Amino acid sequence: MSMFCYQCQEASKGTGCTVKGICGKDESVANLQDLLIYVLKGISIYSMKAKELGFSDNNVDKFIVEGLFATITNANFDKSSFEDNIKKGLAIRDELRNKVTKAGGKTNSDLHDAAIWGSSNLSTEGILQKIFSLFSGGNKVENNYTIEQFLQKSTTVGVLATENEDIRSLRELLIYGLKGIAAYLKHADNLGKQDANIHDFIQRALVATTEDTLSADELVALVLECGKYGVDAMSLLDNANTSSYGNPEITKVNIGVKSNPGILISGHDLKDMEELLIQTEDTGIDIYTHSEMLPAHYYPAFKKYKHFVGNYGNAWWKQDSEFKSFNGPILMTTNCLVPPKSEYKDRLYTTGATGFNGVKHIPDGEEGKPKDFSAIIEQAKKCKSPVEIEKGEIVGGFAHATVLSLADKVVEAVKSGAIKQFFVMAGCDGRMKGRDYYTDFAEKLPKDTVILTAGCAKYRYNKLKLGEIGGIPRVLDAGQCNDSYSLAVIALKLKEVFELNDINELPISYNIAWYEQKAVIVLLALLHLGVKNIHLGPTLPAFLSPNIAKILVENFGIGGITDVENDMKMFLEA
Ligand code: SF4
Ligand code: SF3
């Protein structure tokens with residue numbers, strides 16, 4: 001058996017991981033992820049037919065979103081969870097097929113293999129029973145499939161099953177955009193916000209990746225449409241976050257430690273954050289954020305918790321040393337999870353879309369009840385307090401409401417020439433040595449420039465002393481990667497204030513770092529909003545074939561990066 005994955009920036013040799021992922025994903029997990037995506041395509045085929053016939057099922061929509069999310073880089077390494085989800089997916093698919101058949105829809109003959117393979121011959125009752133036991137008893141149910149069958153099938157349905165490299169490139173670009181959307185939809189759903197149109201698009205797009213009749217032009221159009229739904233998903237999540245927890249405020253976050261034992265929470269899920277804060281109140285345990293959870297400190301609703309004391313460490317990839325010195329339990333709510341070292345594996349917990357063999361997983365609460373974090377809390381009480389690795393504060397909270405409240409000041413600074421240019425340096429951080437580029441770039445930017453950031457890319461420069469311009473910090477952190485939406489809202493507002501016809505006339509340059517698939521949807525969302533000349537680094541995606549990269553360069557001016565001096569010159573003279 002072998003694997004092929006090229007969905008993230010660290011794809012081996014810049015082309016793809018073929019033996020084991022640089023991320024640590026082994027071939028069986030990689031292949032089961034491919035098979036799960038294939039099952040989601042099969043479900044979508046029937047779901048779209050069901051929608052045409054006038055019925056849909058929220059549970060099907062949610063299953064597709066959760067399945068996509070689980071395959072995002074550094075989310076889930078747990079083979080058994082993919083095996084279970086493939087089984088559940090097949091049962092859901094077959095039940096949906098029966099319903100569509102009953103309603104008079106066509107479900108036979110020339111359907112794509114994704115809709116047919118491994119189909120059970122069970123009666124509707126049998127399938128319903130199977131689904132019931134799968135949902136109520138996990139993987140205990142007896143069924144017709146073995147892991148060997150799944151692994152065998154998986155090797156025929158992965159990325160390389162599409163032979164034409166341009167079609168493959170577009171199909172995968174679309175799927176990676178959908179994975180990013182799925183992550184944002186899941187967070188919004190956890191806070192009670194849904195948008196049926198986005199689910200419809202996800203399923204329509206998944207079906208499109210099975211249609212050999214679609215031309216490259218049609219797939220390009222779908223990719224761009226994906227950007228529109230990316231904006232919608234980010235807007236939905238922004239609304240979910242701000243209506244639940246208030247608008248982020250300018251906040252100084254402590255990066256030192258206190259003397260109590262602590263729990264470290266990472267990933268992107270604010271609902272988990274809230275539930276953990278509530279359950280740890282008055283327990284003598286302090287809560288710290290790591291990596292992408294840092295922006296939780298900016299929300300007014302979380303400021304009332306006295307035991308919510310700071311941020312510990314840096315971006316995701318430093319977790320192996322930082323989790324060790326933290327001393328207390330760590331809760332991963334989403335990606336990015338690095339395969340854990342033995343020194344802290346027994347203090348690590350996953351929840352939601354994340355998972356790892358042998359790491360304790362906190363399940364969803366039953367019937368909408370909160371998750372039960374008591375095991376983490378009990379363990380924390382027995383742990384030593386964190387070892388201090390740095391001291392000081394970092395400032396953030398510059399999401400759209402804050403920046404727009406400063407609009408007069410910002411506009412004045414631009415008009416007076418105090419601010420010459422903004423640099424959007426949002427996105428992801430990663431292990432690659434070449435990412436020092438972003439620290440150097442931030443340090444060497446002229447003093448009359450301001451960095452707009454979101455995502456874990458900020459850790460490359462958010463502790464530098466870059467100063468202020470007339471009271472406006474030179475690094476404005478809007479929040480997590482999904483809060484890149486704020487940067488788009490700010491740009492659109494500035495366009496309006498300066499009465500420009502085109503967003504590209506603004507003095508804003510885009511030098512974005514990417515790593516995983518949420519960055520892909522952020523990129524597609526920016527393209528949808530008409531932003532041109534985005535530079536993407538540290539390397540261009542391996543999944544862009546030369547022809548598809550050419551289309552992006554010619555139509556949108558997308559480029560890579562070279563070295564700091566050359567790029568700085570190019571951006572400042574543009
Ligand atoms: Fe390789 Fe990235 Fe895929 Fe992991 S997610 S297997 S590092 S391309
Ligand atoms: Fe980071 Fe994983 Fe992308 Fe959310 S935490 S930005 S890499």
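The values are calculated or read from the model by the stated rules, or taken from the named source; none is laboratory data. Predicted model, so just to flag it, every value in this text is computed and none were measured. Quick reminder, even Gly has a Cβ in these numbers, built from the backbone with ideal geometry, and neighbours come from all protein chains shown. Remember, those area values only see protein heavy atoms, side chains included, never the ligands or the DNA or RNA. Shrake-Rupley method; radii C 1.70, N 1.55, O 1.52, S 1.80 Å.
Values for this structure:
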{"quantity": "Distance (nanometres) between label positions extended 7 Å along Cα→Cβ at Ser80 and His112", "calculated": "3.2"}
{"quantity": "Fully extended contour minus Cα-Cα distance, from Thr15 to Asp408, at 0.36 nm per residue", "calculated": "136.8 nm"}
{"quantity": "Set of lysines near Lys13 by C-alpha distance (under 18 Å), chain-local residues within fewer than 8 positions excluded", "calculated": "Lys25, Lys433"}
{"quantity": "At R0 = 41 Å, FRET efficiency that the Cβ-Cβ distance of Glu165 and Ser119 yields, to 0.05", "calculated": "0.85"}
{"quantity": "Neighbour net charge for Asn504 - beta-carbon separation under 10 angstrom, K R +1, D E -1", "calculated": "0"}
{"quantity": "Sequence-separation-based contact order of the chain, relative, with Cα cut under 8 Å and 6+ spacing, percent", "calculated": "17"}
{"quantity": "Amide H within-cut-off set for Phe398, under 5 Å, with H built and near neighbours excluded", "calculated": "Asp477, Ala478"}
{"quantity": "Sequence-distant residues sharing a close amide H with Ile265 (under 5 Å, placed H)", "calculated": "Tyr288, Thr289, His290, Leu331"}
{"quantity": "The chain - percent of accessible surface contributed by carbon and sulfur, probe 1.4 Å", "calculated": "50"}
{"quantity": "Convex hull of the chain built on C-alpha atoms - directionally averaged projected area, nm²", "calculated": "25.0"}
{"quantity": "Estimated FRET transfer efficiency (Lys62, Leu214; beta-carbon r; R0 25 Å; 0.05)", "calculated": "0.40"}
{"quantity": "Charge dipole (segment 36-89, unit charges on Cβ, about Cα centre) - positive-most of Tyr46, Ala70, Ser56", "calculated": "Tyr46"}
{"quantity": "Residue-span extension gain [Ile472 to Ala401] - 0.36 nm each, minus C-alpha spacing", "calculated": "24.1 nm"}
{"quantity": "Hits among lysines - C-alpha to C-alpha of Lys324 under 16 Å, sequence gap 8 or more where chains match", "calculated": "Lys341, Lys345, Lys382, Lys384"}
{"quantity": "Percent RCO, i.e. relative contact order, over segment 251-381, from Cα pairs under 8 Å lying at least 6 residues apart", "calculated": "27"}
{"quantity": "Using θ = phi - 60° and Karplus 6.51 cos²θ - 1.76 cosθ + 1.60, couplings along segment 320-325 (whole Hz; Gly, Pro as x)", "calculated": "5, 7, 6, 5, 5, 6"}
{"quantity": "Given charges at beta-carbon only (K, R positive; D, E negative), |dipole| of the chain in Debye", "calculated": "960"}
{"quantity": "For the chain: accessible area per residue (Å², 1.4 Å)", "calculated": "39"}
{"quantity": "Derived scalar couplings ³J(HN,Hα) [segment 192-199; Karplus, 6.51 cos²θ - 1.76 cosθ + 1.60; whole Hz; x for Gly, Pro]", "calculated": "x, 10, 10, 8, 4, 4, 5, 4"}
{"quantity": "Whole-Hz couplings from phi, Karplus 6.51/-1.76/1.60, listed for segment 472-485; x for Gly and Pro", "calculated": "9, x, 7, 10, 9, 8, 7, x, 6, 4, 5, 7, 4, 3"}
{"quantity": "Distant-in-sequence amide H partners of Ile22 (H built 1.01 Å from N, under 5 Å)", "calculated": "Ser12"}
